[in-house]
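Participant: Have a look at this one before I ask anything.
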Amino acid sequence: MFKTTTTTLLCFLLAVVIQADPSSPTATYPPTSTGSSTDTYVYAVCSPAKYSPGSGYETNLNSLFSSLASSTVLSRYTNLTVPAAGVKPEQGVTVYGLFQCQDDLDQTSCSSCVSRAVSQVGTLCPTSYAGYLQMQSCLVRYDKSSFFGVQDKAVVIKKCGQSMGFNDQDALTRAGDVMGSLGSGSGPYRIGGNGDVTGVAQCMRDLSASQCQDCLADAIGRLRSECGMAQGGYVYLYKCYARFSVSGSHARQTPNPNFFGGEKDDKDDNNGVGKTLAIIIGIITLVILLVVFLAFLGKQCRKLQDEKWCT
Ligand SMILES: *[C@@H]1O[C@H](CO)[C@@H](O)[C@H](O)[C@H]1NC(C)=O
């Protein structure tokens with residue numbers, strides 16, 4: 001009789017544990033913070049047109065790469081022409097390039113981000129005349145014709161997170177506020193936040209103030225209309241981008257935030273497994289104690305049964 005009770009109890013408790021599995025990662029989507037994610041790859045665009053290895057273009061491009069990497073010590077934005085401006089540009093040999101770091105990035109992180117971007121763009125776009133690598137917090141771009149100060153609002157990449165639930169009206173309102181503040185802000189770098197919602201918008205620094213405003217209006221407008229009901233999203237145009245994310249209690253788990261690296265999720269998953277294990281161990285201990293207690297009761301009961309107390 002005790003055995004049946006214990007087995008039933010155990011089954012019931014295990015069922016409870018399985019249903020109450022707390023391993024639900026809180027994904028930030030997409031992450032807007034800096035820190036260890038600054039070097040995360042966002043996208044790369046390479047021209048299909050190729051230069052021939054060993055050409056003058058290759059020599060100039062390599063020279064541009066090393067100049068860009070060394071310029072990061074001094075600033076967060078640099079445009080370069082190789083050979084240097086003043087020398088008559090030669091069609092097919094002159095290289096134009098620039099790098100830029102997000103404004104909130106310190107100089108050391110900027111340097112390391114650009115160094116990585118420079119070495120990666122060479123690998124990702126081998127012998128391409130033009131390459132463009134956007135990292136989470138910095139970008140590197142080069143081309144055989146000058147793109148400095150040229151507006152380009154074509155969409156490179158955009159993505160929305162999972163939809164918000166019906167009970168997330170407050171988060172929706174906050175997200176709307178944040179996008180509104182990004183849009184009405186001024187300058188080439190804008191950050192916004194309201195509670196658990198954060199947003200960032202930035203132009204490439206070669207744009208004039210009015211070009212930047214024009215580009216950001218477009219990016220933020222698209223973000224609003226296409227991802228306004230989502231828990232986050234981003235729109236990258238060639239010359240500017242806007243992104244926002246909702247984190248914390250209102251956020252639902254997103255299906256695949258790996259685009260920006262899934263490190264955070266892995267950590268949370270491990271945490272969840274740990275929690276489940278702790279709960280199972282706790283319950284097993286409880287069950288053992290219960291069995292001991294029941295056995296003790298049983299003994300008492302049998303004793304009492306002899307005395308006709310138990311029937
Ligand atoms: C390029 O760099 C030069 C000097 O480094 C600067 O004067 C110029 O404004 C820059 N051009 C653009 C389009 O950013």
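The values are calculated or read from the model by the stated rules, or taken from the named source; none is laboratory data. No experiment lies behind these values; they were computed from the predicted model shown. Don't worry about glycine lacking a Cβ; one is built from the backbone with ideal geometry, like all the others, and counts go over all protein chains shown.
Participant: Determine whether segment 7-16 contains at least one residue that is at pLDDT 80 or above and either surrounded by fewer than 19 Cβ atoms within 10 Å (Cβ to Cβ) or not assigned by TED's automatic domain parsing to the domain that holds Pro188 (or both).
Facilitator: Among the residues of segment 7-16, not one is at pLDDT 80 or above and either surrounded by fewer than 19 Cβ atoms within 10 Å (Cβ to Cβ) or not assigned by TED's automatic domain parsing to the domain that holds Pro188 (or both), which makes the answer no.
Participant: Can you tell me which residue within segment 61-79, out of those that are crowded, with 18+ Cβ neighbours inside 10 Å and aliphatic (A, V, I, L, M), is farthest from the ligand (Cβ to nearest atom)?
Facilitator: Checked segment 61-79; the qualifying residue farthest from the ligand (Cβ to nearest atom) is Leu61.
Participant: Can you find a residue in segment 189-196 that is charged (D, E, K, R), within 16 Å of the ligand (Cβ to nearest atom) and in contact (Cβ under 8 Å) with a residue 40 or more places away in the chain?
Facilitator: The answer is no, given that none of the residues of segment 189-196 is charged (D, E, K, R), within 16 Å of the ligand (Cβ to nearest atom) and in contact (Cβ under 8 Å) with a residue 40 or more places away in the chain.
Participant: Just a yes or no: is a residue in segment 223-242 surrounded by fewer than 22 Cβ atoms within 10 Å (Cβ to Cβ), out of contact with any helix residue (DSSP H, G or I) (no Cβ under 9 Å at 6 or more places or on another chain) and either at pLDDT 90 or above or not β-branched (Val, Ile, Thr) (or both)?
Facilitator: yes
Participant: Can you report the number of residues in segment 125-162 which are within 16 Å of the ligand (Cβ to nearest atom), charged (D, E, K, R) and farther than 20 Å from Ala69 by Cβ?
Facilitator: Counting residues in segment 125-162 that are within 16 Å of the ligand (Cβ to nearest atom), charged (D, E, K, R) and farther than 20 Å from Ala69 by Cβ gives 1.
Participant: Same structure, new question: In the set Leu207, Leu304, Leu290, which member is away from the ligand (no atom under 16 Å from the Cβ) and at pLDDT 65 or above?
Facilitator: Only one candidate passes the filter, namely Leu290.
Participant: Inspect all residues belonging to segment 148-160 and state whether any of them is in contact with a Cys (Cβ under 9 Å, 6 or more places away or on another chain) and of a type in the set (A, V, I, L, M, F, W, C).
Facilitator: yes
Participant: So Ala130 ticks every box in (1) crowded, with 17+ Cβ neighbours inside 10 Å; (2) modelled with pLDDT of 95 or more; (3) not assigned by TED's automatic domain parsing to the domain that holds Ser63 but one. Which box is left unticked?
Facilitator: The failed condition is (3).
A quick yes/no check of all residues on (1) of a type in the set (Phe, Trp, Tyr); (2) within 28 Å of the chain's Cα centre (by Cα); (3) in a helix (DSSP H, G or I):
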site: Leu80; (1), (2), (3): no, no, no
site: Leu98; (1), (2), (3): no, yes, no
site: Ser109; (1), (2), (3): no, yes, yes
site: Ser115; (1), (2), (3): no, yes, yes
site: Leu133; (1), (2), (3): no, yes, no
site: Tyr142; (1), (2), (3): yes, yes, no
site: Ser146; (1), (2), (3): no, no, no
site: Gly149; (1), (2), (3): no, no, no
